[in-house]
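Below you'll find the structure, written out as structure tokens, and then a few comments.
The values are calculated or read from the model by the stated rules, or taken from the named source; none is laboratory data. Everything quoted here is computed from the prediction, not taken from an experiment. All Cβ positions, even for glycine, are placed from backbone atoms using ideal geometry, and neighbour counts span all protein chains on display. Ligands, DNA and RNA are stripped out before the accessible areas are found, and what is left, the full protein with its side chains, is counted by its heavy atoms. Shrake-Rupley method; radii C 1.70, N 1.55, O 1.52, S 1.80 Å.
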Amino acid sequence: MKNVMDTLRERGFVKQTVYEDELYEKLGKESVPFYIGFDPTADSLHVGHFIQLVAMKHMQDAGHKPIILIGGGTAMVGDPSGRTDMRSMMTKETIAYHVECFKKQMSKFVSFEGENGAIIVNNADWLLDLNYVDFLREIGANFSVNKMLTAECFKARMEKGLSFLEFNYMLMQAYDFLVLNRKYDCLLELGGDDQWSNILAGADLIRRKEQKSAFAMTFTLLTTSDGKKMGKTQKGAVWLDENKMSPYEFYQFWRNTDDADVEKCFKLLTFLPLEEIAALTAHKDERMNAAKERLAFEITREVHGEEKALKAQSEARAAFGGEGEMPVKEIGKEVVNVIGALAAAGLAKSNGEARRLIEQGGVSIDGERVSDGNALLPQNDFVLAKGKKVRLKIVRK
């Protein structure tokens, strides 16, 4: 079987590794237990998590055992990585609810059966009852404060003030790796490249404490060709939960991917063979639209299933190509003007935002641009458009 590190490299996942030759040899010869951590800071996974789940599936398909670590304990502290401000504190009850939401979503992507079936663990089980003095003596003694302060994950926070609470995060994440190594013989931690310092600290801690091999590997962050983080819309994050972002909206996000990012997204977020991806993205002209449609369909199918992906594709073709059925939104009879319709249809968060959209010339009804937000709505069903990318058929309840 092909070494999974070759697969991950070819598809553009791998950013940094440590003890690379030794890790490559292990991945090619034996089943390697590995883990990826997810902090439950919301009640849904988002597209930034999805890239981790895709990598996890590549690893599992190659015979390696996934350990999904839910950060119920570390979420009580908050990860400072990539932050210029301190994360808000969550209650135990909120974290527990988020953990349950994550478990349900992850079961779509990773198999929990067979010899290398995934397991889910929660670091609250070992972090919340720690004796602090014992923890400092066993774990803290292995960390140099001088070295920690040079870590990338702390630099942005140092300017505004890094709390001692957050300063503990690296030790806690490193301890997670040590616990998983002792309990499940976990040898490898994977994560986004913004986690490199934390992941490396865990591998180093195991080598110090257990005198045996442990490895770290980080993945490319999902960014656009100009370096901006991908996965945000005007409404916020690109969520995997259809109650937070409909399959149609999810499909449209990927259908509108910039030409320069299509090939990268195919490699990182779908399981299509590289040869097929190369053929789909070979032409940098209007034929790229077919590639974008395929990209949107494949990612939506992975997240929401084939039936909902086909429905989203049909709705998008109806809205923008005149084929199939356009997505429908019902609004109440009490909504009488354009401003109210935009808010009721979910195309604007408030009347103020709706008014600004109209003033900027970004709203039309049945193809006619709207200039007056107080204009009365048509008596019959109509098509409401926001910009060039969002169209809905509006019907009365």
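Odds and ends about this structure:
- Simple label model, 7 Å out from Cα along Cβ direction - K108 to D259, nm: 3.2 nm
- Taking every protein chain into account, the accessible area of the chain amounts to 49 square angstrom per residue (probe 1.4 Å).
- Near D39, the amide H atoms lying under 5 Å from its own belong to G71; only residues 5 or more places off or on other chains count, and H is placed 1.01 Å from N.
- At 0.890 mPa s and 25 °C, Stokes D of the stretch 329-378 from Kirkwood alpha-carbon radius, µm² per second: 231 µm²/s
- Modelled spin-label separation between K147 and Y97, with each label point placed 7 Å from Cα along the Cα-to-Cβ direction: 4.1 nm.
- Calculated FRET efficiency, R182 to L272, Cβ-Cβ distance, R0 = 30 Å: about 0.15 to the nearest 0.05.
- Positive contributions from Lys and Arg (+1) and negative ones from Asp and Glu (-1), summed over other residues with Cβ under 12 Å from the Cβ of H58, come out at +2.
- Using alpha-carbon coordinates, inclination of helix 288-304 to the longest axis of the chain, degrees: 60 degrees
- The alpha carbon radius of gyration of the chain, expressed as a multiple of 2.2 N^0.38 Å, is 1.11.
- FRET efficiency for A290 and D61, using Cβ-Cβ distance with R0 set to 25 Å, rounded to 0.05: 0.35
- Relative contact order for the chain, counting Cα pairs under 8 Å that sit 6 or more residues apart, in percent: 14 percent
- Size of electric dipole in the chain: Cβ of Lys, Arg +1 and of Asp, Glu -1, about Cα centre, debye, nearest 20: 740 debye
- Carbon + sulfur, % of accessible area of the chain - ligands and nucleic acids excluded, 1.4 Å: 48 percent
- Qualifying trypsin sites (Lys or Arg not before Pro) in the stretch 184-224, DSSP loop, other Cβ atoms within 10 Å at most 13: K212
- Candidates per trypsin sites (Lys or Arg not before Pro) in the stretch 1-43, loop by DSSP, up to 15 other Cβ within 10 Å: K2
- Of the GluC sites (Glu not before Pro) in the stretch 134-236, not one is in a loop by DSSP (not H, G, I, E or B) with at most 15 other beta carbons within 10 Å.
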